[in-house]
1. Scanning for something assigned to a helix (DSSP H, G or I), of a type in the set (A, V, I, L, M) and either buried (at least 19 other Cβ atoms within 10 Å of the Cβ) or touching a residue at least 12 places away in the same chain (Cβ under 8 Å) (or both), does the range 79-98 turn up at least one residue?
2. Filter the range 150-190 down to residues that are in a loop (DSSP other than H, G, I, E, B) and over 28 Å from residue 54 (Cβ atoms) and give me whichever is most open to solvent (accessible area, probe 1.4 Å).
3. Could you check the range 11-60 and list, in sequence order, the residues that are open to solvent by less than 50 Å² (accessible area, probe 1.4 Å), in a strand (DSSP E or B) and without any contact (Cβ under 8 Å) to a residue 60 or more places away in the chain?
4. Taking residue 4 and the conditions (1) assigned to a helix (DSSP H, G or I); (2) open to solvent by less than 70 Å² (accessible area, probe 1.4 Å), which numbered condition does it fall short on, given that it satisfies the others?
Amino acid sequence: MMDNFAIVNKLKEELTDGIKKQIDNLTSNINYYSDYKKSTRGENSKQYDLYDHRSNLESIIDGTAMMVKKLLKDRKIDVPLDNLKFFNAWSVYGQKGSYHLLHRHKNHKNNSNDPIKATGLSIVIYLAVPEKDIKNPGQFYFILHDKNGVKPHQITPEKGTIIIVPNNVWHGAEPQGEGLRQTLNLEYTW
């Protein structure tokens with residue numbers, strides 16, 4: 001099983017806009033996290049837990065799973081696609097100065113923070129991004145291992161960018177400039 005990969009793709013604008021509208025409607029009726037046990041940082045950042053509202057997100061959850069399965073299969077990435085199950089969802093709204101600490105997600109098999117092998121996928125969908133700011137581009141960064149060692153990677157996401165990594169890949173986001181950066185984050189296990 002290949003535990004170390006990143007897939008970057010882009011959703012169509014109308015699909016991205018539809019997902020954003022649905023998430024905005026949902027988050028307008030719930031409270032955001034106020035603790036700092038999450039990777040989200042910055043006084044202008046709000047994170048909303050959507051797990052308890054998953055019944056309102058079934059079409060997004062199922063549609064994302066179908067797309068992820070196709071992308072992984074097309075790229076011949078060996079993960080147990082038949083066992084892929086929804087695990088968690090949240091949305092982050094960030095404004096100037098918001099960022100995400102370098103982090104990785106839990107190993108769902110034994111609830112460990114230091115997994116040896118991936119037990120699922122972490123997916124980030126960018127629903128809104130600020131205009132490009134040379135000083136604060138708000139890049140998404142991640143660390144992959146290959147035969148030559150550890151390599152950092154970064155991308156400057158656009159609206160509709162979707163990033164798929166195993167849940168054991170270290171990742172985060174740099175501080176952003178003016179404007180809204182909004183993500184929908186989904187986790188699936190196997």
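1. Applying the first criterion (assigned to a helix (DSSP H, G or I)) to the range 79-98 yields 81-83.
Going one step further and asking which of them are of a type in the set (A, V, I, L, M), we end up with 81.
Adding the requirement that they be either buried (at least 19 other Cβ atoms within 10 Å of the Cβ) or touching a residue at least 12 places away in the same chain (Cβ under 8 Å) (or both) leaves 81.
So far as the range 79-98 goes, yes, one or more of its residues are assigned to a helix (DSSP H, G or I), of a type in the set (A, V, I, L, M) and either buried (at least 19 other Cβ atoms within 10 Å of the Cβ) or touching a residue at least 12 places away in the same chain (Cβ under 8 Å) (or both).
2. Looking only at the range 150-190, we keep the residues that are in a loop (DSSP other than H, G, I, E, B), and these are 156-160, 167-170, 174-175, 177-180, 190.
This time we only want the ones that are over 28 Å from residue 54 (Cβ atoms), so: 156, 174-175, 177-179.
Values: 156: 53, 174: 54, 175: 62, 177: 1, 178: 124, 179: 27 Å².
Applying the filter and picking the extreme gives 178.
3. Within the range 11-60, 45, 47, 48 meet the criteria.
4. Exception for residue 4: condition (1).
Yes/no per residue for (1) among the acidic types (Asp, Glu); (2) on the phi > 0 side of the Ramachandran plot; (3) in contact with a Gly (Cβ under 8 Å, 6 or more places away or on another chain):
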| position | (1), (2), (3) |
| --- | --- |
| 5 | no, no, no |
| 19 | no, no, no |
| 22 | no, no, no |
| 28 | no, no, no |
| 31 | no, no, no |
| 39 | no, no, yes |
| 51 | no, no, no |
| 62 | yes, no, no |
| 71 | no, no, no |
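The values are calculated or read from the model by the stated rules, or taken from the named source; none is laboratory data. Just so you know, these numbers come straight off a predicted model, no measurement behind them. With ideal geometry, Cβ positions are generated from the backbone for all residues, glycine too; neighbour counts draw on all protein chains shown. Heads up: the accessible areas ignore ligands, DNA and RNA and are worked out on the full protein's heavy atoms, side chains in. Shrake-Rupley method; radii C 1.70, N 1.55, O 1.52, S 1.80 Å.
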